[in-house]
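Worksheet: the structure to be examined is printed underneath.
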Amino acid sequence: MYQVKGGTMPDRAVTMTWLLVICVCVMAGATFAGEDDEEAVVYGFGRPATAEEIAAWDIDVRPDGKGLPAGSGTPAEGAAIYVAQCAACHGAQGEGGLNDRLVVHSADEPFPLASDVNAGQHRTIGNYWPYATTVFDYIRRSMPFTAPGTLTANEVYSLTAHLLHLNHVIPEDAEMNAQTLPKVVMPAHGKFRLDDRQDFKEVH
Amino acid sequence: MAQDDAKNNDKTSGEKQRNVTRRAALVGMAGAAGTVLARGADGQEVQVSSGSRPQVPPDPTKVIGRLASEFGERSPFERLERVTSFSRSSSETPLQNLHGTITPAALHFERHHAGVPSIDPDKHKLIIHGMVSQPTTFSVSDLKRLPAASRICFIECSGNLFRDAPEQTTAQLIAGMTSQSEWTGVMLSTLLREVGADPGASWLLAEGADAAVLTRSIPKAFWDEAMVVYAQNGEAVRPENGYPIRFLNPGCEGNTSVKWLRRIEVSDQPFMTREETSKYTEPVKGGVSRQFSLVMDARSIITYPSYPNTVEKGWIEVQGIAWSGRGKIAAAEVSTDDGKTWQRAALQDPILPKAHVRFRHMFKWDGKDTVIMSRAIDETGYIQPTRAAFMQARGPGSGPYHQNPITGWRLKAGGDVVYRVEEWA
């Protein structure tokens with residue numbers, strides 16, 4: 001990929017440039033840059049990303065806890081924040097609101113089965129989410145819906161703890177932090193399988 | 001009414017007549033009120049009344065036309081629209097009114113989880129970091145300086161089905177969350193080479209700059225064909241479709257072609273975001289849910305005749321689109337006897353991998369009640385299933401993702417065409 005901007009160079013210079021290119025190619029026994037050449041080339045566009053700009057955006061949390069920030073919170077602390085910032089859309093106890101239901105007790109409604117007729121089937125934190133870290137990650141990046149990205153790390157830990165408690169996953173006094181949260185075993189843990197279909201002729 | 005006109009005549013949009021702007025009404029107006037004759041989009045003379053239709057001179061050869069303009073608008077007679085969902089977090093492409101296979105960008109389906117962000121392209125950046133030797137920040141113009149690549153492919157939402165649809169349902173509402181564009185940008189492989197991605201990396205996280213900061217983990221199997229694109233059908237990607245840049249994951253569920261792309265984190269394991277656990281997973285047999293089933297299985301739909309067309313006894317050209325996320329369409333078959341027998345339809349070139357292909361089939365209707373339907377067959381040999389076969393394989397509680405059953409249209413004696421209602425429970 002060569003850029004030759006005729007408009008900025010006198011004609012003679014353009015001719016000279018092309019002569020040079022042709023000479024180089026002939027000498028190297030090469031044709032014009034093809035895919036093989038591109039494979040090897042690093043063009044160097046862009047600039048090194050600074051540690052600060054990465055840190056400002058790198059908010060994802062993996063199931064092993066990588067990405068969790070310092071801080072902590074309890075269900076009781078989360079309950080107060082929930083009433084102020086979440087209940088209007090998700091209901092006082094995480095159900096019955098205008099938006100997504102956030103509470104299902106797996107004892108009442110176990111993991112949804114494909115064989116069940118799914119009328120009214122619920123899929124949320126208490127029966128369907130396989131990782132507790134996802135609750136933290138999602139609240140931190142997307143909620144509250146109308147003011148995303150405004151919660152502090154402690155507030156997100158507290159809300160995560162509150163929702164896990166409402167879903168009967170952790171006890172009332174459990175503190176959530178970077179060490180404890182990845183250790184929470186969700187009711188839906190182990191119930192997901194990576195797409196393993198092999199024979200694409202089959203309907204499955 | 002001639003069948004060709006019927007193809008362009010959508011009862012739904014005809015009913016909600018829009019007020020034509022004064023400017024449009026004045027364009028080339030001869031000054032006559034009342035009923036005038038004009039030329040429709042199909043070149044036929046049509047009667048237009050001053051009440052609901054734009055006014056145009058009775059004879060365009062007698063009046064100098066409009067002068068050149070900076071930005072072209074469609075004819076004021078054309079009013080195709082997306083249909084938006086109640087919450088306006090999605091809208092669907094009017095499949096039954098389109099021709100060929102490219103979706104006009106303004107009619108590309110939408111799905112967003114927190115609205116369409118407003119982004120200044122000069123301030124936008126893409127950070128690639130994680131398992132790379134040189135974490136790098138690219139501006140949009142940096143991306144445009146890298147070797148460019150273009151590709152025509154569909155993007156389909158994996159929730160693209162209206163299950164409990166009544167007879168009065170258009171193809172747009174059944175399957176309008178698939179659209180096709182020519183996308184231009186940079187191959188992901190080029191970017192990964194620029195940043196020195198670790199050969200041991202096997203997953204990456206793509207993240208959007210919308211208010212959902214939507215994220216998806218993409219396994220390495222899809223990296224070879226993936227792109228970061230800045231153009232759609234020759235112009236900048238539309239805001240609803242990811243302006244200024246989006247990820248493009250050909251053949252895969254639309255949600256993984258993350259829009260408003262701001263960050264790619266290279267990793268060796270999936271991140272298990274909410275959009276790949278709580279959502280976009282499907283319960284399957286064995287008491288488990290299938291995850292990262294990203295590829296869109298082969299599917300087709302007849303777009304003409306379909307609701308709300310009316311047809312006449314005699315020859316009808318059945319038309320539709322077929323597509324598969326696993327590669328090229330090998331064949332599209334049409335049944336005009338409710339699935340008892342199938343005929344090969346003609347496929348319109350070009351037949352591109354992971355792209356909508358248009359099919360056509362001439363059928364002589366005897367005027368009696370029947371159901372017409374199509375099925376796609378892709379190059380892997382996969383045959384689009386009937387709803388019954390699909391439900392048998394997947395189970396009734398599997399919905400709502402990755403459902404691709406055959407769609408039928410009932411031709412009623414008398415000529416009304418309606419959706420063939422399916423029982424899902």
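The values are calculated or read from the model by the stated rules, or taken from the named source; none is laboratory data. Keep in mind the model is a prediction, meaning the values are calculated, not measured. Cβ: placed from backbone, ideal geometry, glycine included. Neighbour counts: every protein chain shown. Surface accessibility is based on the protein's heavy atoms, side chains included, excluding ligands, DNA and RNA. Shrake-Rupley method; radii C 1.70, N 1.55, O 1.52, S 1.80 Å.
At-a-glance table
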item: Top-ranked residue in region B:246-275 [being among the hydrophobic types (A, V, I, L, M, F, W, C) and more than 14 Å from chain A (Cβ to nearest Cβ); ranked as surrounded by the most Cβ atoms within 10 Å (Cβ to Cβ)]; result: B:LEU248
item: Selected residue (criterion: nearest to B:SER278 (Cα to Cα)) from residues of region B:379-401 that are more than 7 Å from every other protein chain (Cβ to nearest Cβ) and in contact with a strand residue (DSSP E or B) (Cβ under 6 Å, 6 or more places away or on another chain); result: B:TYR401
item: Residues being buried (at least 18 other Cβ atoms within 10 Å of the Cβ) and either of a type in the set (Phe, Trp, Tyr) or at positive phi (or both) - total across region B:234-245; result: 2
item: Checking B:GLY287 against (1) without any contact (Cβ under 8 Å) to a residue 40 or more places away in the chain; (2) of a type outside the set (S, T, N, Q); (3) closer than 22 Å to B:GLN180 by Cα, the condition it does not meet; result: (3)
item: Enumeration of residues in region B:362-374 that are without any contact (Cβ under 8 Å) to a residue 60 or more places away in the chain and either of a type in the set (D, E, K, R) or under 27 Å from B:PRO250 (Cβ atoms) (or both); result: B:LYS364, B:ASP366, B:LYS368, B:ASP369
item: Candidates A:GLY78, A:GLY67 - the one that is surrounded by fewer than 20 Cβ atoms within 10 Å (Cβ to Cβ) and either touching a helix residue (DSSP H, G or I) at 6+ places or on another chain (Cβ under 6 Å) or not β-branched (Val, Ile, Thr) (or both); result: A:GLY67
item: Number of positions in region A:137-156 that are more than 14 Å from chain B (Cβ to nearest Cβ), over 17 Å from the mean Cα position of the chain (by Cα) and not polar (S, T, N, Q); result: 1
item: Members of region B:83-112 found to be more than 17 Å from B:HIS356 (Cβ to Cβ) and in a loop (DSSP other than H, G, I, E, B), listed by number; result: B:SER85, B:PHE86, B:SER87, B:ARG88, B:SER89, B:HIS112
item: Check on B:PHE363, outside any loop (DSSP other than H, G, I, E, B) and within 14 Å of chain A (Cβ to nearest Cβ); result: no
item: Residues that are open to solvent by 20 Å² or more (accessible area, probe 1.4 Å), in a helix (DSSP H, G or I) and in contact with a Gly (Cβ under 7 Å, 6 or more places away or on another chain), drawn from region A:163-187; result: A:LEU166, A:PRO182
item: Subset tally (residues that are assigned to a helix (DSSP H, G or I) and within 10 Å of chain A (Cβ to nearest Cβ)) for region B:129-170; result: 5
item: Candidate set from region A:34-50 (those that are surrounded by 12 or more Cβ atoms within 10 Å (Cβ to Cβ) and at pLDDT 95 or above); member that is farthest from the other protein chains (Cβ to nearest Cβ); result: A:THR50
item: Qualifying positions in region B:315-341 - hydrophobic (A, V, I, L, M, F, W, C) and closer than 15 Å to B:MET362 by Cβ; result: B:TRP315, B:ILE316, B:VAL318, B:ALA332, B:VAL334
item: Residue within region B:154-167 that is touching a Pro at 6+ places or on another chain (Cβ under 9 Å), modelled with pLDDT under 95 and more than 30 Å from A:ILE139 (Cα to Cα) present; result: yes
item: Test for B:VAL284: is it under 30 Å from A:PHE111 (Cβ atoms), at pLDDT below 95 and within 14 Å of chain A (Cβ to nearest Cβ); result: yes
item: Answer residue from region B:297-327, given it is among the charged types (D, E, K, R), assigned to a loop (DSSP other than H, G, I, E, B) and under 30 Å from A:ARG197 (Cα atoms) and is most open to solvent (accessible area, probe 1.4 Å) among those; result: B:ARG326
item: Qualifying positions in region A:168-204 - in contact with a Ser or Thr (Cβ under 8 Å, 6 or more places away or on another chain) and within 14 Å of another protein chain (Cβ to nearest Cβ); result: A:LEU181, A:PRO182, A:PRO187, A:ALA188, A:LYS191, A:PHE192, A:ARG193, A:ASP195, A:ARG197, A:PHE200, A:LYS201
item: Selection within region B:190-220 - more than 26 Å from the chain's Cα centre (by Cα), open to solvent by 10 Å² or more (accessible area, probe 1.4 Å) and at the interface with another protein chain (Cβ under 9 Å from one of its Cβ atoms); result: B:THR190, B:ARG193, B:GLU194, B:GLY196
item: Meets criteria (part of a loop (DSSP other than H, G, I, E, B) and either open to solvent by 50 Å² or more (accessible area, probe 1.4 Å) or of a type outside the set (S, T, N, Q) (or both)) for B:LYS123; result: yes
item: Some residue of region A:137-147 being under 18 Å from B:SER289 (Cβ atoms) and surrounded by 22 or more Cβ atoms within 10 Å (Cβ to Cβ); result: yes
item: Condition broken by B:MET362, with the remaining ones in (1) farther than 30 Å from A:GLN121 by Cβ; (2) open to solvent by 10 Å² or more (accessible area, probe 1.4 Å); (3) under 19 Å from the mean Cα position of the chain (by Cα); (4) of a type outside the set (S, T, N, Q) satisfied; result: (3)
item: Filter result (under 32 Å from the mean Cα position of the chain (by Cα) and of a type outside the set (A, V, I, L, M)) within region B:130-140; result: B:THR137, B:PHE138, B:SER139
item: Failed item in (1) modelled with pLDDT under 95; (2) open to solvent by less than 50 Å² (accessible area, probe 1.4 Å), with A:ASP199 passing the rest; result: (2)
item: All positions within region B:126-154 that are farther than 29 Å from A:THR50 by Cα and buried (at least 19 other Cβ atoms within 10 Å of the Cβ); result: B:ARG151, B:CYS153, B:PHE154
item: Residue check, A:ASP58 closer than 21 Å to A:MET143 by Cα, acidic (Asp, Glu) and within 14 Å of chain B (Cβ to nearest Cβ); result: yes
item: Any chance B:ALA114 is more than 10 Å from every other protein chain (Cβ to nearest Cβ) and touching a residue at least 40 places away in the same chain (Cβ under 8 Å); result: no
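Here's the yes/no breakdown for (1) farther than 23 Å from A:ASN177 by Cβ; (2) more than 8 Å from every other protein chain (Cβ to nearest Cβ):
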position	(1), (2)
A:LYS66	no, yes
A:GLY78	no, yes
A:CYS86	no, yes
A:SER106	yes, yes
A:LEU113	yes, no
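Yes/no per residue for (1) at pLDDT 95 or above; (2) farther than 17 Å from B:GLU276 by Cβ; (3) assigned to a helix (DSSP H, G or I); (4) touching an Asp or Glu at 6+ places or on another chain (Cβ under 7 Å):
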site: A:ASP100; (1), (2), (3), (4): yes, no, no, no
site: A:GLN121; (1), (2), (3), (4): no, yes, no, no
site: A:THR133; (1), (2), (3), (4): yes, no, yes, no
site: A:GLY149; (1), (2), (3), (4): yes, yes, no, no
